[in-house]
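Since the structure comes first, as structure tokens, the remarks are kept for the end.
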Amino acid sequence: MNVMVLSGNRNKRWKRHSIAVFNNNNNNDNPFTDLKPLREIGAQQSLDEECAARRSSELNKYLCILKELVNSGDGLTTSDMELLRKACMERVIACRSNSEKLFELKSTIHAINDIPISSSDALWLAQYQYILNWCYSQLRFICDPRERPRLFQNIKEKYRQMFKQLINVPDEEKLPTYLHWSQICYQYAEFVDDESLAWCAYKISNTKSVLLARSSDLSTFSRRKENATENGNRNNALETDTRKAVSRRKRYVESVDLIRENLEKTLNIRSSLYNDGFCEKIVM
């Protein structure tokens, strides 16, 4: 099983060792006592007993490691989140049947549920959202259709927590989270409610004021550059700042356009499923 391995040194700080392989034959006491049984995690009954026992044993070790990381002084770093994402994706991709894949995905989500959403760091949140969206997008197509409404509500609550973490963060840094949320809305369009749509619509409606501020910054840089040119001076720092401002504005516009596109596709699906008059029109 590909997982992160931890070892403690004398200073009781955890060392992170890229990826290592556990000995799958070690079936000692369960180190993660509150682990849900296989049937509660939701794996299909077609998983034979031997396979289920082996995967449950591996999962126990996996969750134990995550628990130690979460409880350590450092918590889960951005690198830890990236390693977790890659390890989980490798395990799911290596599955030979949908029943195994379903078990791995739900096991991963079970592990993610123990990770507190307590950071507003853009890179950390990006890695968290990558693995979250990937798992729920995969589940969307292989789980029992009756589970989909619950899955959507589960991931919606996680994004609600993330939006709360981002309240005092600059608007530009919030965009990736809103974009990832709009992707989930598109994936689960038939279960999206008005509040979920409003989160996307808010970000779109807020674009005008943000872009006006960006345009003002660009105008200021341009005037300063013109003044410097007239005086025969070349300000490399000013040119760099101007390029950065142009690049930030471009990224912002592209992200908002993607959110708008996902929202429109979500509304189109809802309209086709529930008749044209069902969804309230959102002015963009």
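Does segment 70-92 contain at least one residue that is outside any helix (DSSP H, G or I), more than 20 Å from Arg150 (Cα to Cα), of a type in the set (Val, Ile, Thr) and not assigned by TED's automatic domain parsing to the domain that holds Gln183? Yes - at least one qualifying residue is present in segment 70-92. Of all the numbered requirements in (1) in a helix (DSSP H, G or I); (2) in the same structural domain as Lys86 (by TED's automatic domain parsing); (3) more than 23 Å from Arg249 (Cβ to Cβ), Gln153 misses one, and that requirement is (2). Cβ-Cβ contacts under 7 Å between residues 6 or more apart (or on different chains), taken from a first residue in segment 75-103 that is over 20 Å from Ile115 (Cβ atoms) to a second residue that is among the hydroxyl-bearing types (Ser, Thr, Tyr), are listed as Ser99/Ser46. Among the residues of segment 101-130, the ones that are in a helix (DSSP H, G or I) and either in contact with a Ser or Thr (Cβ under 7 Å, 6 or more places away or on another chain) or among the charged types (D, E, K, R) (or both) come to 8 in all. Which of the residues that make up segment 107-121 are buried (at least 17 other Cβ atoms within 10 Å of the Cβ) and not β-branched (Val, Ile, Thr)? Scanning segment 107-121 gives Ser107, His110, Ala111, Ser119, Ser120.
For every residue, the table says whether it meets (1) aromatic (Phe, Trp, Tyr); (2) assigned by TED's automatic domain parsing to the domain that holds Ala126; (3) buried (at least 18 other Cβ atoms within 10 Å of the Cβ).
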{"position": "Asp144", "(1), (2), (3)": "no, no, no"}
{"position": "Glu147", "(1), (2), (3)": "no, no, no"}
{"position": "Met162", "(1), (2), (3)": "no, no, yes"}
{"position": "His180", "(1), (2), (3)": "no, no, yes"}
{"position": "Tyr186", "(1), (2), (3)": "yes, no, yes"}
{"position": "Ala189", "(1), (2), (3)": "no, no, yes"}
{"position": "Asn206", "(1), (2), (3)": "no, no, no"}
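When Ile184 is tested against the conditions (1) under 12 Å from Lys156 (Cβ atoms); (2) more than 17 Å from the chain's Cα centre (by Cα), the lone failure is (2). Among the conditions (1) under 18 Å from Ser119 (Cα atoms); (2) buried (at least 19 other Cβ atoms within 10 Å of the Cβ), the only one that Glu172 does not satisfy is (2).
The values are calculated or read from the model by the stated rules, or taken from the named source; none is laboratory data. Just so it is clear, the model here is predicted, and its values are computed rather than measured. All Cβ positions, even for glycine, are placed from backbone atoms using ideal geometry, and neighbour counts span all protein chains on display.
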